[in-house]
Structure formats: C-alpha cells, structure tokens
Amino acid sequence: MTSSAATFSTSLEVLLAAAARIGADAPGARGLGDKQLLAAQRSLAEAKRSLDACASVLAGEVVRRSSVEAGFGGLARKEGFRTPEALIRGVTGSTAREATTLVRVGTMMNDADLLNNAEANGIDDPVGLASMMTEPWLAAVGRAVAAGTVSVAGAEAIRTGLGRPGPGVTTDDLTAAATRLVTSVAESATTPGGALDAEQLLRLARTARDDLDAAGIVERERQRRALRSFRRWKRDDGMTRYTWDLDPEGAALIDDVYDKLTSPRRGGPRFTTGPEQARAEQIMADTRTTEQLASDGMLELIQLALDTDPQGVVGVNRPAVRVLVAATDLTDRTGRGWIEGQDYPVSIATVERNACLNGIELIVFDDRPLPVNLGREQRFFNRAQRRLLAARDGGCAWPDCDRPPEWTEAHHIRWWERDGGTTDIDNGILLCRHHHLLLHDEGWEIETRDHDPLARFWLIPPRDIDPTQTPRPMPSKSPALNDALRTAERHHAT
C-alpha cells in the first residue's frame, strides 16, 4: 500500500469511527437549543458532503478498474456484475439511482484528478488531456465535490442541466458555465439564505444552457424527445411505480387524456350540459379518488388497445398475466398464489378470479420440484419450456441477480455440444445475457443436486475467483415453487 493510500485508509477509519460515535449519541440531540440544533444540522450536512465525496471517489475508482477495455477481467464483471453501477449497488445496498449518481460524480472527480495532475506536472496539452477525460467540462464540478463545496446531488444537477456539447455549444462554453455555477454555490454559502440546493442548481444550470444556445430550439427539442422514457420501479410495499418522461408534444396529448379522465372531478360538473352531464354526475358520485380514476382509466385504455389490435401494439405475443399457485393450495383453497414477476402474494380468491379472465394463464405446481407438464424439444428450448422454466426459476438464477424471466436466456446445464446435454427442463436454467456470457467465457459451472429440491442448483466459481471452488447456492426465485416444496415437506413430515 502506498503512503497516500495508507493516509486515505486511516482518514476514512477516523471518519467512520466518529460517525459511529455520533450515531450512538444521537438521542442527545433532543436536549439541544434551537440554535445548537440548526448548527448541528449544518455541521452534519458538511460531514455528509465529505462522506458522499469519499463515496464518489471510491465509485470513480471502481469505474476505472471496470473499464470496457478490461472486458471480463474488469473489477465489476470479475465479481459477477454487469456494470460498475450494479457492483456499487450490491456492495452498498443503495438504489440503482444512488449508485448511478455516485458513478457519474466519481467520473467527474476522475477527470478533475487528471487535470490536477497535469497542472502539477506543468503539462499543457488541453486537446490531449480532454481526450482522456469523460466529461472535461465538468472537471471544475469534480474539484468542488472533492473540496466539499458542492454536494454529490448538486454536482449531478449541474451535469443534468448543462447537458453535453452540441451545435453552437462548445466544451469551452460548458466549462465556463460549470465554473460560474460552482462559484455561485461558494458565494451563496455565505449569504443568510444558505447554499444553493440541488433543485436550485438544476434550474440555474438549465438557464445557463438556454443562454448559451438561445437559437438552438430545434436541437433542444430533439434532445428532449430523445430523453423520453418509460421506466418501472418495484417498491418495497408491493406496489409498482412507472415513471413516464415525455417531451412537451407527447405530454400535451397525455395531459389532455388525463384531464378528460378526471374531469369534471377537479372542477365540478356545474358547467357541464348535454350528453356529458350524465357522465359528469357519475364521475362526481364515484367513490374512487381522482388518482385512482386516472389510474383505472389509463389501464382500461391499454386493455382496449390490446383487445382491438394486439399485434399492432405489441406484436405476435400478446401480454399475459401468469398466476402461479401450488396445486395443493388451489385444491384446498388455502395458502396463497403469486403473479409472475411480482414480489408479493395474492389470495386464493384472487387466483380463482384471475384464472377466469382472458389473457390469464394458470400454471399449477404439484409437490415435485418441477412444474407439471414439462415437455421436451431437440436443440433449443421452445416457448412452452421457457414458460415453465420462468415459473420454476423466477428469473435469472445467478445469485443476487434481479433480472426477470423475460430478460433471460435458457442455458443447458450440461452443455449441448461439450457435454452432449439434452434440451430438457431438468437440464435447463435461466440466466440473463450478462451472466450467460460470464458463465461460458470465464469458467463458471453449474451442478445439480437432485436430493435437495430447495437447493437443487449450485454455482461453481473458477479457481481464479475462488481457489477452493466452494459451491454457491442458486435457490429458485419463484415464490410459488418454494411454497409448493415447503407444503410437500410438511405433508411428508406428517
């Protein structure tokens, strides 16, 4: 370990020890006066900025050691993760968004470090230096994070608001704008109102971009449209949140749909006449909240589109909701069922109700470790087998991977060509693209232990990862299968 690395390690240990002591003494905050309380809050915010900056430095180093050039030898992939963000999320237990922010700000700090080293060594090669940096216009922001002037959230806000160089906006323009924003943060810290927060910085950064490119309306319009997205987030309480980012043109249409779905609830029916009056009164009498009305209405619109032209909307394979349930639970009308891809159980009554609806496919498990009606094909796993593998494995079988069944590939445990393996359900397992490639290219293996249905598949690491090649369990991520196996164990015990 170098002297600088030893110093960093020691400083980190001191900081963490101090944080632990403060955490233990936190209940004493109730005895602070108002001024002491606010002073402590400000001090803690400064300490948090330092800790976040440290976390970003470490994230930047993870990025450096996980470079694309390193391939599967990079740190993230060597540890079994697809990206540096996934590795940091796994190590820290943070959200995907938090890990991505750390990586982005860590990259800024890497760029700042390159610039600092060049200046310290008297290197004057702006073009060559910029080619080595990921986002050279943000180096000043990286420096400010390292100095504790700008928070990690503030740095991400500046990055988002300024955007990237484009027609009429050079790297130098963005560098000057970023430097001015950093200066504004430092100056605002001395004012009575306090330092600029991340939301204020985002607005200022967007304004700075508009000032730089006042004539670039068409380009900004194109960029906004390129940012459109529809994302899914699984919440801890069993709900699923969808975040839909739309450009102004697309938002205008959806806004109008939303207004019509919820009107006249928001404004009242007093100005509604003619054919719409009955509908307005019906909506006003509805016991659902305005948000529930909007949600149910959007869901009905999607269902109508699927009923009218499913192939035109989603292609040949119409979406289906798969309800999974242990056979004994369904027969006894006890226990619970599961909707494939969801983390929370549903009642048997919900299973029975959904089984009667169009587009619902009921996959029933018996008391064996595999789904019933297995089937067999020659070279590739067919659609029916993939469906059963999805029900059995519940997604990518690699430990700690959260990829759902639809993002996976069917792998032959005993390889088709090397081992003469067959395309049977017994010989198949679901792996996402990344882990499928990792297994084939880096010497990982999977072994089967039929005597233990709850721990049937085991992952064997290569010797360079684990010299002892200690098997790692690959338990099924299908809660319905686990329910069936536990029920079977209870029946056998009695």
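Numbers below:
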read-out: Accessible area of the stretch 100-234 belonging to carbon and sulfur atoms, whole % at 1.4 Å probe; value: 54
read-out: Listed residue (152, 109, 88) projecting farthest to the positive dipole end of the stretch 74-181, Cβ model; value: 88
read-out: Mean Cβ neighbour count within 10 Å, used as a protection proxy, ranking 467-477, 147-157, 104-114 highest first; value: 104-114, 147-157, 467-477
read-out: Sequence ranges 230-242, 195-207, ranked by mean other-Cβ count within 10 angstrom, highest first; value: 195-207, 230-242
read-out: Ordering of 290-297, 136-143 by packing [mean C-beta count within 10 Å, highest first]; value: 136-143, 290-297
read-out: In sequence order, calculated HN-Hα J values of the stretch 286-302 (Karplus, 6.51, -1.76, 1.60; Hz; x Gly/Pro); value: 5, 7, 6, 6, 4, 5, 5, 4, 5, 4, 5, x, 5, 5, 5, 4, 5
read-out: Mean-position separation - Cα centroids, the stretch 432-484 and the stretch 77-91, in angstrom; value: 18
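The values are calculated or read from the model by the stated rules, or taken from the named source; none is laboratory data. All values derive from a computational prediction rather than experimental measurement. Every residue, glycine as well, gets a Cβ built from its backbone with ideal geometry; the counts of neighbours run over all protein chains shown. When the accessible area is computed, the model is the full protein with side chains, heavy atoms only, and any ligands, DNA or RNA have been set aside. Shrake-Rupley method; radii C 1.70, N 1.55, O 1.52, S 1.80 Å.
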